[in-house]
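Input: a single structure, listed below in structure tokens.
The values are calculated or read from the model by the stated rules, or taken from the named source; none is laboratory data. No experiment lies behind these values; they were computed from the predicted model shown. Heads up, the Cβs are rebuilt from the backbone with ideal geometry, glycines too, and the neighbour counts pull from every protein chain shown. Heavy atoms of the whole protein, side chains included, go into the accessibility calculation; ligands, DNA and RNA do not. Shrake-Rupley method; radii C 1.70, N 1.55, O 1.52, S 1.80 Å.
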Amino acid sequence: MLYTVDIVDEDWTPPLPLSKGPYDPAKKCKISLRSARGRWVVSEGGDVHCRQPRLPRLRGILTSHPKGDGKVALELHGGRWLSAGTVWKCLWHCRKDIVSVADCAECDDIYSVETVSDGVIALKTAGNQYISAPNDYTLRWSRDEITRSEQFTVIVHGESDEAEGTATATAQTSGSVEDIQPDSDLEQTESVNP
């Protein structure tokens with residue numbers, strides 16, 4: 001196996017896949033969130049973290065469900081929902097007992113979307129705490145102000161119904177298939193024809 005080594009600046013991050021448009025919290029759509037440190041919000045089993053430098057197909061794609069007044073509920077891969085929780089204000093799990101967006105609780109599962117700049121947002125709970133991706137790549141609900149750790153770039157993969165399987169297509173249109181890595185539990189023969 002041959003590897004190519006690139007020497008890059010310490011703040012370098014892989015290029016973003018193309019977004020299919022601006023993020024609108026009033027519309028149901030498939031999105032991915034990249035922290036200001038260049039890591040993707042990913043759901044693995046019952047854990048949600050921000051350690052992946054490359055966007056993994058499916059595990060890094062969330063469905064944004066509008067809840068009105070700029071608020072959303074975020075459904076993760078596998079039918080689980082992003083939940084603020086109460087244990088250490090740390091996102092070490094996601095709720096699986098939610099069957100539909102109507103089951104989301106205002107206090108734990110609904111987030112206000114605040115636009116920081118073009119394509120960059122912050123998510124705030126009902127308890128006025130922002131989701132934060134600190135240096136250790138965990139996710140926490142621990143800040144009451146927006147700093148670099150609370151800023152996430154949003155990539156829109158399309159409307160919820162049309163976005164199934166668009167992660168690979170998005171990477172191909174940006175000219176780099178490596179932008180999105182396949183899940184280990186998916187068949188490697190899966191492909192999208194342009």
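Results, tabulated for the structure shown:
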quantity	calculated
Peptides 134-143, 52-61, 5-14 ordered by average Cβ neighbours within 10 Å, highest first	52-61, 134-143, 5-14
Sites D6 and V116, calculated FRET efficiency, Cβ-Cβ separation with R0 25 Å, nearest 0.05	0.25
Å² per residue, accessible surface of segment 1-72 at 1.4 Å	56
